[in-house]
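Here's the structure, in structure tokens; my notes come after.
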Amino acid sequence: MTSSATPSAARAQALAIVLAGSIVAPLDSAVNAAFPAINAAFGLEVASIRWVVICYLVAFSSCVMVSGRLGDLYGYRRVFGAGLLVSTAAFLACGLAPDYAWLLGARVVQGIGIALVLGAAPALALSIYPESERTRVLARFGAAFAGGLALGPALGGALVDAFGWQAVYFARLPLALGAWLLLGRVPATPQTSRSRFDISGSTLLATWSGSLMLGIALPGYAGIAFGLLAVSTFAWFVVRELRSSQPMIRLSLFQTAAFSVPNLAAVSVHFTGFIVFLLGPYLFVRELGLTAQVAGLLLALGPVGAMLGSALAVRLVANFGARPAAFAGMLLNLAAVAVASTWDGATAIATIGSWLALGGIGIGLFQVTYSDLVIAALSPEERGVASSLTNFTRTLGVVACAVVGSALFHGAESQALAEGAAGSAAFLKGYGFAFGSVAAGVGLFIVLTLLRPRVWFPR
């Protein structure tokens with residue numbers, strides 16, 4: 001059954017199945033609430049918990065671009081279904097982990113499964129509806145993703161309190177398995193590309209992606225070694241792709257500012273947005289005296305705002321175009337982070353909540369319009385690659401912020417402590433410096449993009 005012949009109700013049902021399967025990815029935010037319980041269960045030091053995040057993100061980033069290409073070659077529904085099955089097995093393995101090494105291995109498998117899911121999900125969702133509905137479908141996908149992010153922390157805390165840390169994995173198992181069982185109601189996507197699967201190019205791309213993430217995440221010589229590996233494999237990949245008659249992704253696209261700048265902007269938007277999730281909880285608990293539960297609810301206003309921004313994108317794109325709308329989203333997110341750099345223990349919760357929601361609106365607006373731009377720039381035969389690229393830039397921005405933002409904060413806080421500042425004053429010094437530096441850096445990037453104004457405001 002083709003998408004053009006599918007009745008409206010069947011289309012809506014098919015999209016709901018795809019969205020239900022897709023939100024197993026953003027619901028991973030529930031795992032953060034389980035960190036203390038995991039530490040206690042396996043007798044870990046606090047710093048060791050970072051490997052739960054690193055193993056997942058490295059596996060995901062290594063596979064997500066390749067998974068999009070697999071969808072182009074073999075059908076998005078097939079790849080999406082494989083991802084749901086792998087994710088189901090991974091959730092079961094995580095919940096049953098007898099030791100920490102097992103849990104980390106299962107997190108690697110989970111990263112692979114989610115990469116298959118998200119690498120194919122946007123393209124699969126778009127295949128259900130006619131091309132004229134592209135922005136609207138992307139908005140629904142963005143809203144569902146943001147909803148999962150908003151629900152994750154609160155759901156995770158409740159599950160851990162009631163059933164233990166394993167519940168943050170077991171709870172997603174029926175969602176993934178149920179979506180897979182219902183996948184037959186989603187129209188099958190035919191093979192859109194007649195190219196062969198490039199094993200060598202895929203291996204180089206996966207090695208580059210994983211090495212890049214490890215190079216960013218790991219300190220000292222290990223980070224440098226993986227960084228060098230990332231540089232060398234990327235150079236090899238570029239040379240090979242430029243010579244290939246059937247490249248995995250047309251690198252010539254990145255030679256134009258109209259394509260490369262929005263992708264760099266996507267990294268910067270998620271870099272800026274994640275600083276709130278990185279340092280915000282400490283401000284809310286230490287300086288404002290909020291409970292962890294209330295702080296989590298406050299943070300959820302960002303993803304709730306992103307849901308609103310995703311819905312707003314449809315109307316703005318129709319009235320002004322995708323590029324001006326994306327620029328507006330980027331500015332709104334930047335403004336929220338700049339204002340957040342001035343917060344302290346005396347800031348009203350209502351003020352904080354309002355700006356968190358506004359920043360979320362900016363992220364939601366940008367992500368939908370940016371995805372629209374990338375997907376429009378690539379051919380229908382490359383829609384899986386386009387979907388994967390939008391997920392990869394998000395991940396890169398988050399990982400980079402986790403490393404750079406932490407370094408900025410700890411550097412400024414340590415200096416303040418060395419100068420004799422009290423604990424609270426030193427924290428606020430580090431907090432303000434990290435937020436201010438991130439806002440200034442991204443603000444400079446935005447100004448530089450205006451040297452090519454047609455990127456955002458085409459005639």
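The values are calculated or read from the model by the stated rules, or taken from the named source; none is laboratory data. Computed from a predicted structure; not experimentally measured. Cβ: placed from backbone, ideal geometry, glycine included. Neighbour counts: every protein chain shown.
Scanning the range 132-178 for residues that are of a type outside the set (Phe, Trp, Tyr) and either closer than 30 Å to ALA326 by Cβ or not assigned by TED's automatic domain parsing to the domain that holds PHE80 (or both) yields a count of 21.
Scanning the range 347-369 finds no residues that are outside the structural domain of GLY147 (by TED's automatic domain parsing) and modelled with pLDDT under 90. Scanning the range 417-429 for residues that are among the hydrophobic types (A, V, I, L, M, F, W, C) and closer than 17 Å to TRP343 by Cβ returns ALA425, ALA426, PHE427, LEU428. Does ALA125 count as within 16 Å of the chain's Cα centre (by Cα) and under 15 Å from SER22 (Cβ atoms)? So ALA125 does not fit the description; no.
If I ask for residues that are closer than 21 Å to ALA400 by Cβ and in contact with a Ser or Thr (Cβ under 7 Å, 6 or more places away or on another chain), which ones from the range 217-264 would you list? Across the range 217-264, the qualifying residues are PHE226, LEU229, ALA230, THR233, PHE254, VAL261, ASN263.
Within the range 257-285, the set of residues being of a type outside the set (Gly, Ala, Ser) and closer than 18 Å to VAL385 by Cα comprises PHE259, VAL261, PRO262, ASN263, LEU264, VAL267.
Among LEU288, LEU242, which is the only one that is of a type in the set (A, V, I, L, M, F, W, C) and without any contact (Cβ under 8 Å) to a residue 12 or more places away in the chain? Don't jump to the end; show me each part of the working.
Numbers: LEU288 fails: without any contact (Cβ under 8 Å) to a residue 12 or more places away in the chain.
Residue meeting the stated conditions: LEU242.
So, PHE259, is that one assigned by TED's automatic domain parsing to the domain that holds ASN391 and either farther than 25 Å from LEU408 by Cβ or loosely packed, with under 14 Cβ neighbours inside 10 Å (or both) or not? Criteria met by PHE259.
For SER388, the criteria (1) farther than 24 Å from LEU57 by Cα; (2) polar (S, T, N, Q); (3) under 18 Å from the mean Cα position of the chain (by Cα) hold in every case but one, which is (1). Yes or no: the range 242-249 includes at least one residue that is part of a helix (DSSP H, G or I) and closer than 25 Å to VAL398 by Cα. Scanning the range 242-249 turns up no residue that is part of a helix (DSSP H, G or I) and closer than 25 Å to VAL398 by Cα. Would you confirm whether or not the range 80-94 contains a residue that is modelled with pLDDT under 95 and either touching a His at 6+ places or on another chain (Cβ under 8 Å) or surrounded by fewer than 19 Cβ atoms within 10 Å (Cβ to Cβ) (or both)? No; the residues of the range 80-94 include none that is modelled with pLDDT under 95 and either touching a His at 6+ places or on another chain (Cβ under 8 Å) or surrounded by fewer than 19 Cβ atoms within 10 Å (Cβ to Cβ) (or both).
Checking the structure you have, find out if any residue of the range 219-235 is part of a helix (DSSP H, G or I), touching a residue at least 60 places away in the same chain (Cβ under 8 Å) and of a type in the set (Gly, Ala, Ser). Looking through the range 219-235, none of the residues is part of a helix (DSSP H, G or I), touching a residue at least 60 places away in the same chain (Cβ under 8 Å) and of a type in the set (Gly, Ala, Ser).
For the range 427-448, the criterion of being farther than 23 Å from VAL53 by Cβ, of a type in the set (Val, Ile, Thr), surrounded by fewer than 19 Cβ atoms within 10 Å (Cβ to Cβ) and modelled with pLDDT of 90 or more is met by at least one residue.
Each residue in the range 391-426 was checked for being polar (S, T, N, Q) and surrounded by 16 or more Cβ atoms within 10 Å (Cβ to Cβ), and 3 pass.
For (1) within 20 Å of the chain's Cα centre (by Cα); (2) in contact (Cβ under 8 Å) with a residue 40 or more places away in the chain; (3) on the phi > 0 side of the Ramachandran plot, each residue gets a yes or a no:
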{"site": "PHE277", "(1), (2), (3)": "yes, no, no"}
{"site": "ALA292", "(1), (2), (3)": "no, yes, no"}
{"site": "GLY296", "(1), (2), (3)": "yes, yes, no"}
{"site": "GLY302", "(1), (2), (3)": "yes, yes, no"}
{"site": "ARG323", "(1), (2), (3)": "no, yes, no"}
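Residue check: is THR369 crowded, with 24+ Cβ neighbours inside 10 Å, within 17 Å of the chain's Cα centre (by Cα), among the β-branched types (Val, Ile, Thr) and assigned to a helix (DSSP H, G or I)? Judged against the criteria, THR369 is a match. Please tell me if ALA348 is out of contact with any Leu (no Cβ under 7 Å at 6 or more places or on another chain) and either crowded, with 23+ Cβ neighbours inside 10 Å or over 24 Å from GLY142 (Cα atoms) (or both). When the stated conditions are applied, ALA348 passes them.
Any residue at all in the range 248-255 that's of a type in the set (Lys, Arg) and surrounded by 19 or more Cβ atoms within 10 Å (Cβ to Cβ)? Give the derivation first.
Restricting attention to the range 248-255, the residues satisfying the condition of being of a type in the set (Lys, Arg) are 250.
The next check asks that each one be surrounded by 19 or more Cβ atoms within 10 Å (Cβ to Cβ); those that pass are none.
Checking the range 248-255: not a single residue is of a type in the set (Lys, Arg) and surrounded by 19 or more Cβ atoms within 10 Å (Cβ to Cβ).
If you take the residues of the range 372-382 that are more than 18 Å from the chain's Cα centre (by Cα) and in contact (Cβ under 8 Å) with a residue 12 or more places away in the chain, which of them is surrounded by the most Cβ atoms within 10 Å (Cβ to Cβ)? The qualifying residue surrounded by the most Cβ atoms within 10 Å (Cβ to Cβ) is GLU382. Out of all the residues in the range 282-326, which are among the hydroxyl-bearing types (Ser, Thr, Tyr) and either crowded, with 16+ Cβ neighbours inside 10 Å or part of a helix (DSSP H, G or I) (or both)? Across the range 282-326, the qualifying residues are TYR282, SER310.
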